[in-house]
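Take a look at the structure set out below.
The values are calculated or read from the model by the stated rules, or taken from the named source; none is laboratory data. The structure displayed is predicted, hence computed values, not measured ones. Backbone-built Cβ (ideal geometry, glycine too); neighbour counts: all protein chains shown.
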Amino acid sequence: MSGPLKTPAVVLRSIRFGEADRIVHLYTPQRGKVGAIAKGVRRARSRFGGRLEPFFRLNLVLHEGRGDLLTVTGAETVEGYASLRADATALDGAARACDAVARVFDTGEPHPEVFNLLCNELALLDAGAGDPQFGAHANQIAFRLKLLLAAGLAPQLAACASCGGREHLSGFSGAAGGVVCGACEAGSFALSEEAHAFMATALGTPLAGAPSAGARALRQAERAVAETVEHHGGVRLRQAIAG
């Protein structure tokens, strides 16, 4: 059905199109990931100004016609995250967070909890911009664990994903979907107690309370997330941080 659609949205990606237009990929609470065209947005006198850039949180009015792309007809800024945009590390984190959402939730299904999680992540990156105490890597992995939880792909951490045993959980298997014991470790990689504890705590606490961990444990946790989503979601994620 054609007509106006009013919705909150976060701009995941913005691509130049033609002489003055942009194609924007959006994440919305009730329509999931959608694509829209903003006509004339690159002209100096565009009524949209710079609002339709990546990572803006907006209230949009979209026209839904017969094609796959909606048309942006109105845009109001809710949050522009100015501090985030002035810090390279925070900006890179925002790009990777939006990319992860776009890959794991690449459908039009409603997931309001994912929209709220992404807004929370952008706010945390904005607040932590320029702060050397902000744990960027730990934050990114905790965010991805929350995405897996929302997607129904959260790894099994309480018991061996193969046999159900609760002792000697020394490895992680993406194919099995969680930690594995010594007897079931074929095809797994070593997972330290620190990495195991980090993942369990990150899944069980709010994103703002993500725990810290050493570099080795974070690399192991990131690998666990990547292998889980690849085996069970068919998705490959970019590295959580550059390097």
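The table below gives the values:
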| read-out | value |
| --- | --- |
| Where a residue in the range 137-161 is within 19 Å of R219 (Cβ to Cβ) and its partner, wherever it lies, is of a type in the set (S, T, Y), with Cβ under 9 Å and at least six apart | A138/S212; A142/T201; A142/T205; L148/T228; P155/T228 |
| Selection count where residues are part of a helix (DSSP H, G or I) and either basic (K, R) or surrounded by fewer than 19 Cβ atoms within 10 Å (Cβ to Cβ) (or both), scope the range 228-243 | 4 |
| Residue match in the range 47-56 (condition: modelled with pLDDT of 90 or more, in contact with a Ser or Thr (Cβ under 7 Å, 6 or more places away or on another chain), surrounded by 15 or more Cβ atoms within 10 Å (Cβ to Cβ) and aromatic (F, W, Y)) | yes |
| Extreme residue, modelled with the highest pLDDT, among residues of the range 21-46 that are β-branched (V, I, T) and over 21 Å from L118 (Cβ atoms) | I37 |
| Complete set of residues in the range 171-189 that are within 28 Å of the chain's Cα centre (by Cα) and part of a strand (DSSP E or B) | G171, F172, S173, G178, V179, V180, F189 |
| Any hit, the range 153-170, residues being assigned by TED's automatic domain parsing to the domain that holds T228, of a type in the set (S, T, N, Q), out of contact with any strand residue (DSSP E or B) (no Cβ under 8 Å at 6 or more places or on another chain) and outside any loop (DSSP other than H, G, I, E, B) | no |
| Failed item in (1) farther than 25 Å from L207 by Cβ; (2) of a type outside the set (S, T, Y); (3) part of a strand (DSSP E or B), with K33 passing the rest | (1) |
| Single residue of the range 57-72 satisfying the filter (part of a loop (DSSP other than H, G, I, E, B) and not hydrophobic (A, V, I, L, M, F, W, C)) that is surrounded by the fewest Cβ atoms within 10 Å (Cβ to Cβ) | R66 |
| Selection from the range 64-94 of residues that are of a type in the set (A, V, I, L, M, F, W, C) and within 19 Å of the chain's Cα centre (by Cα) | L84, A88, A90, L91, A94 |
| Positions within the range 73-113 being part of a loop (DSSP other than H, G, I, E, B) and exposed (fewer than 15 other Cβ atoms within 10 Å of the Cβ), in sequence order | A86, D106, T107, G108, E109, P110 |
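Yes or no, residue by residue, for (1) surrounded by fewer than 21 Cβ atoms within 10 Å (Cβ to Cβ); (2) farther than 22 Å from A127 by Cα; (3) touching a helix residue (DSSP H, G or I) at 6+ places or on another chain (Cβ under 9 Å); (4) touching a residue at least 40 places away in the same chain (Cβ under 8 Å):
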{"site": "G177", "(1), (2), (3), (4)": "yes, yes, yes, yes"}
{"site": "C181", "(1), (2), (3), (4)": "yes, yes, no, no"}
{"site": "S192", "(1), (2), (3), (4)": "yes, yes, yes, no"}
{"site": "A197", "(1), (2), (3), (4)": "yes, yes, yes, no"}
{"site": "A208", "(1), (2), (3), (4)": "yes, no, yes, yes"}
{"site": "P211", "(1), (2), (3), (4)": "yes, no, yes, yes"}
{"site": "A215", "(1), (2), (3), (4)": "yes, yes, yes, yes"}
{"site": "R219", "(1), (2), (3), (4)": "yes, yes, yes, no"}
